[in-house]
Amino acid sequence: MALTDDDGKIRWRQNPYTLLAGLLILVAALAAAMHAIAVAVVLSIGAVAILAYQPSRNARTEPIAASVNETLPVTEAPRDNIGITRAALSAIDMPLYLIDGRENIVFQNGAAAEAFGDIEPNAHITTRLRSPAILDCVRETIATGNVNTVEYTERHPSTRVYLVRVAPIAPEGSRPTHFILSFRDISESRVVERMRSDFVANASHELRTPLASLQGFIETLQGPAKNDPKAGERFLGIMLEQVQRMNRLVDDLLSLSRLELKAHIAPSDRVDLLPLLGHVRDALQPLAASLDVEIVVDLPNDPVFVAGDRDELIQVFENLVQNACKYGQEGKRIEVTLTPATKGQGAEVSIRDFGPGIAEEHIPRLTERFYRVNVEASRSKKGTGLGLAIVKHILTRHRARLIVQSEMGKGSVFTVRF
Amino acid sequence: MTQSHIMTAYDEELRFLSRRIAEMGGMAEQMASDAVRALVNADAALAQRVISDDAILDAAEREITDKAILTIARRQPVANDLREIMGSIRIASDLERVGDLGKNTAKRVIAVQQSGVPRALARGMEHLSELALAQLKDVLDVYTTRSAEKAQAIRDRDEEIDAMYTSLFRELLTYMMEDPRNITSCTHLLFCAKNIERIGDHATNIAETIYYMTTGTQPDGERPKDDNTATMTVQG
């Protein structure tokens with residue numbers, strides 16, 4: 001922690017204790033020269049005592065100087081150690097808290113403010129961190145001076161797993177007065193672990209049906225339908241369909257997994273929604289034409305920028321418009337409306353269909369994986385049961401919300417609010 | 001935060017209360033989330049830990065109430081300070097209830113364990129608990145900033161949890177009608193879902209208390225509600 005000058009001389013000159021000791025030795029030498037032995041001895045002992053006291057005194061003050069305590073005027077510190085220490089802590093990309101022995105946060109770096117929010121100076125640690133496991137660790141370290149680590153999972157707004165480490169700042173041999181609380185983000189490795197088990201569970205369950213039907217057709221082709229070219233052709237057609245379905249499913253599962261991996265990183269790019277929605281309309285025009293649905297896009301004149309990832313947002317709106325085309329086909333018309341941000345409310349994109357609508361009890365659960373309002377309808381429309389789960393994941397990463405309103409017989413509105 | 005007083009010890013006492021509330025909040029959050037995890041993964045050991053942790057939360061509530069009463073007796077607080085202290089007592093009792101609900105959910109893990117929770121229902125339970133826990137986390141974050149505006153916003157969000165609970169309720173009824181052998185586990189799950197939904201209600205209560213603590217007035221208007229289970233039937 002202690003930031004020392006490269007140039008030792010500056011420290012010599014600036015250190016009043018060393019100077020005092022030197023003076024005492026000088027006077028002691030003078031006293032010795034004047035045969036005042038007793039005085040010389042006393043003065044020498046004083047000088048030695050000062051020199052001996054000095055390192056421990058340094059040891060005790062340095063952590064305080066390094067603690068970036070705002071109440072300490074900068075001029076009192078040797079050189080600009082406070083500024084340098086503060087800058088050094090801020091430059092580290094992992095969230096760090098510097099706390100004192102009474103569990104107050106003396107300093108937090110930028111990464112910590114970003115991860116857990118700003119705090120008032122000298123706030124108690126519980127204003128930001130409530131997890132009993134972390135608090136136990138902190139207390140144990142303050143009491144014993146041992147380094148402690150604990151794993152901490154934050155589930156909202158997105159899952160993040162941290163390895164939290166509490167370590168005392170203790171110069172050799174002295175009691176620590178301050179402690180560093182650091183957070184190492186291990187979300188990725190944990191999420192990968194969980195993803196693998198989820199993937200196996202979901203895939204084995206959802207892929208079993210098409211696989212079983214494939215097996216059935218192959219057996220039929222090998223046996224009873226061996227010499228029936230007409231039946232063979234038909235079976236091969238169905239088999240192709242099943243394989244395509246498995247393909248879509250695997251694609252969706254993979255894209256969901258990829259999204260989960262980076263769910264905790266908010267996108268930093270800025271995207272104009274106007275050309276983006278135009279692109280979505282053009283891309284889906286063929287599908288809409290084949291289903292005999294008209295897509296009406298209502299856009300404002302000025303560009304509407306939101307923080308987001310272009311490709312992911314295209315995926316969101318393609319998914320939503322596609323759903324509207326497929327499940328609102330009867331309405332013949334889909335309205336896509338972009339409302340620019342107003343005071344107190346972010347920009348909104350709403351996609352309205354005039355189809356049969358969704359029953360109330362299904363609405364809150366639409367974004368769950370493999371949740372289908374009607375299994376048969378979803379299968380026949382080539383749905384994987386993952387479309388809205390993907391939409392939800394992307395929007396969570398964008399810190400945006402999906403609001404679904406629907407009335408039976410009148411249609412549904414899916415609104416994305418940034 | 002409250003203004004400082006001439007007696008620093010008084011400030012210390014107020015600070016102690018809000019610190020203990022935050023700690024209780026952390027404990028309650030963890031219990032509720034562990035209870036749902038234990039339920040979904042049929043993890044009896046985790047459930048047992050939740051059950052034993054409840055004692056800590058009960059003790060914390062008693063401690064806060066004692067300290068609050070002592071402070072009232074000793075300092076004769078008025079206005080802001082009085083609301084702050086009364087608020088602590090109310091929030092502590094809400095958090096204690098959250099712990100109880102977590103404990104009750106954990107107790108049912110063993111009963112549900114044998115038959116297991118169907119995949120679709122487990123996902124629904126997780127979804128419901130995500131909503132309720134997000135509500136609880138947000139409200140505890142607001143507690144440290146004492147923002148009346150944010151407290152009001154949280155209060156208006158309870159609707160989402162109610163809609164989700166209603167949907168789960170219906171699904172559980174259909175499961176039971178499909179096969180009477182599901183009735184035991186589904187009844188337990190029904191209570192678990194209700195427990196989780198109640199956690200959301202307590203979070204809303206806390207939001208209202210925070211609003212009152214900072215402004216001195218009750219938040220106006222009815223609480224938004226979307227819980228129709230009281231009149232729900234499913235045609236067989």
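Read the figures in this text as sums done on the coordinates, not as results from a lab. What you see is a predicted model, and the numbers here were worked out from it, not measured in a lab. Because the Cβ atoms are built from the backbone with ideal geometry, glycine has one as well, and the counts that use them run over all protein chains shown.
What the table below lists for this structure:
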quantity	calculated
Gain on full stretching of the segment that runs from A:VAL243 to A:ALA231 - 0.36 nm per residue minus C-alpha separation	2.5 nm
Cα long-axis angle, helix B:183-215 against chain B (0 to 90 degrees, to the nearest 10)	20 degrees
Whole-Å semi-axes of the ellipsoid equivalent to region B:121-191 (Cα gyration tensor, √5λ, descending)	33, 11, 7
Positive-end residue, region B:8-231 charge dipole about Cα centroid, Cβ charges, pick of B:GLN113, B:MET31, B:LEU70	B:GLN113
Likely footprinting exposure, A:ARG86, A:ARG397, fewest C-beta neighbours within 10 Å first	A:ARG86, A:ARG397
Region A:166-268: GluC sites (Glu not before Pro) in DSSP coil with no more than 15 other Cβ atoms inside 10 Å	A:GLU172
Ratio of the Cα radius of gyration of region A:266-418 to 2.2 N^0.38 Å, where N counts its residues	0.99
Loop-located trypsin sites (Lys or Arg not before Pro) in region A:96-148 whose Cβ has at most 16 other Cβ within 10 Å (DSSP)	A:ARG102
Over chain B: helical MRE at 222 nm, DSSP H runs n ≥ 4 each giving -39500 (n - 2.57), nearest 500	-29000 deg cm²/dmol
P(r) tail fraction, region A:92-185 - alpha-carbon pairs more than 20 Å apart, %	30 percent
Assigned charges on the beta-carbon of Lys, Arg, Asp, Glu; region B:8-231 dipole about Cα centre (debye)	400 debye
Convex hull of Cα atoms in region A:186-265, direction-averaged projection (nm²)	5.7 nm²
Cubic angstrom per residue, convex hull over Cα atoms of chain B	109 Å³
